[in-house]
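Visitor: One structure follows; several queries about it will come next.
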């Protein structure tokens with residue numbers, strides 16, 4: 001081969017390699033967006049055609065779907081649902097769910113009856129806690145009962161607190177101790193159970209706003225009315241008070257209108273603020289004995305803070321904001337990211353429950369059905 005032709009071929013080959021390398025260096029990698037995984041309707045899993053659900057709960061016994069006329073249990077390794085039927089006395093959205101302790105579900109079924117349903121083992125009969133066994137407080141009209149807005153709260157030590165009513169709205173708190181089988185302990189010579197929680201004379205209580213149980217702790221939002229240092233009956237503020245083992249009350253977050261309380265990563269958080277001030281986030285690391293103010297919640301309002309719930313999913317904090325949308329909330333940075341609800345049809349009701357169980361996340365709605373999504377696909381955001 002002639003030297004000139006050989007040199008030309010070498011240059012052509014080298015130029016081809018150089019151009020190919022330059023083209024490769026300038027390529028922009030194409031990142032494929034992850035596929036959007038829809039929520040799947042699982043009404044049939046619970047043997048239900050009624051699309052109304054009051055909430056969902058999971059424990060070692062299985063997965064529980066709460067309905068207006070009872071609840072349904074899906075036991076582990078058993079595809080056949082077990083139905084527990086009763087008629088709820090409550091008619092208020094925040095009170096109509098049963099409360100669970102030691103494999104027993106408690107529900108107010110009349111103005112003088114709490115019905116208890118053991119579900120951990122099959123074929124266990126229900127039992128009743130009757131108002132007639134309470135050491136009831138003396139009232140001006142001589143009558144105390146459960147109202148249709150009464151609710152039950154139980155901590156991990158088995159201390160049950162229930163709201164009582166003089167006429168139409170909760171006016172009293174009553175506490176009783178449950179044993180390891182979930183039955184009320186009779187603690188007086190006459191066989192009565194429990195005792196009323198005594199409120200201080202300086203506390204004006206038109207009704208209780210909320211009861212909270214976190215591990216062995218119990219808290220209540222009780223109303224006090226302040227103008228300056230004087231108590232009045234026109235400006236309502238909900239202080240946070242801790243309920244002790246014998247029912248004594250101690251104010252732990254004074255002069256703060258508390259709207260919500262939640263537990264996350266072994267710390268307690270409260271949403272609230274002084275009268276006519278922006279809402280703030282407060283934190284306690286000593287089981288509610290003392291609190292520090294973290295920051296102002298610039299995007300929160302009174303309505304949104306009150307009508308939201310908090311859930312721990314895979315060790316991350318999720319809020320059901322205004323009972324309408326899911327949000328991941330970073331309490332350290334005060335950042336919120338909206339999670340996808342793709343697959344859940346638009347409905348006029350609310351999200352009533354959220355629970356993690358066996359590698360999946362279950363979501364219930366007030367009139368749109370029951371839905372499930374794999375936990376690994378739960379963290380998909382609306383902006384993705």
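Rule-based calculations on the coordinates, nothing more; no lab input. This structure is a prediction, so every number in the text was calculated from the model and none was measured. Glycine also receives a Cβ, built like all others from the backbone with ideal geometry; neighbour counts cover every protein chain displayed.
Visitor: Given N residues in the range 34-80, what is its alpha carbon radius of gyration divided by 2.2 N^0.38 Å?
Guide: 1.30
Visitor: I'd like the distance separating the alpha-carbon centroids of the range 318-384 and the range 240-256, in whole Å.
Guide: If we compute the Cα centre of each part, the gap is 32 Å.
Visitor: A further question on this structure: Taking the highest mean first, how do the peptides 355-363, 79-87, 242-250 order by number of other beta carbon atoms within 10 angstrom per residue?
Guide: The peptides rank, most packed first, as 355-363, 242-250, 79-87.
Visitor: Evaluate E = 1/(1 + (r/R0)^6) for residue 127 and residue 214, where r is the Cβ-Cβ distance and R0 equals 25 Å; express this FRET efficiency to the nearest 0.05.
Guide: Calculated value: 0.40.
Visitor: Quote the FRET efficiency, to the nearest 0.05, computed for residue 294 versus residue 80 with a Förster distance R0 of 51 Å and r equal to the Cβ-Cβ distance.
Guide: 0.60
Visitor: Still on this structure, please answer the following. For 165, 179, what's the fewest-to-most ordering of other Cβ within 10 Å of each Cβ?
Guide: Placing the least packed residue first, the sequence is 179, 165.
Visitor: If neighbour count is taken as other Cβ atoms inside 10 Å, put 180, 133, 286 in order from fewest to most.
Guide: 180, 286, 133
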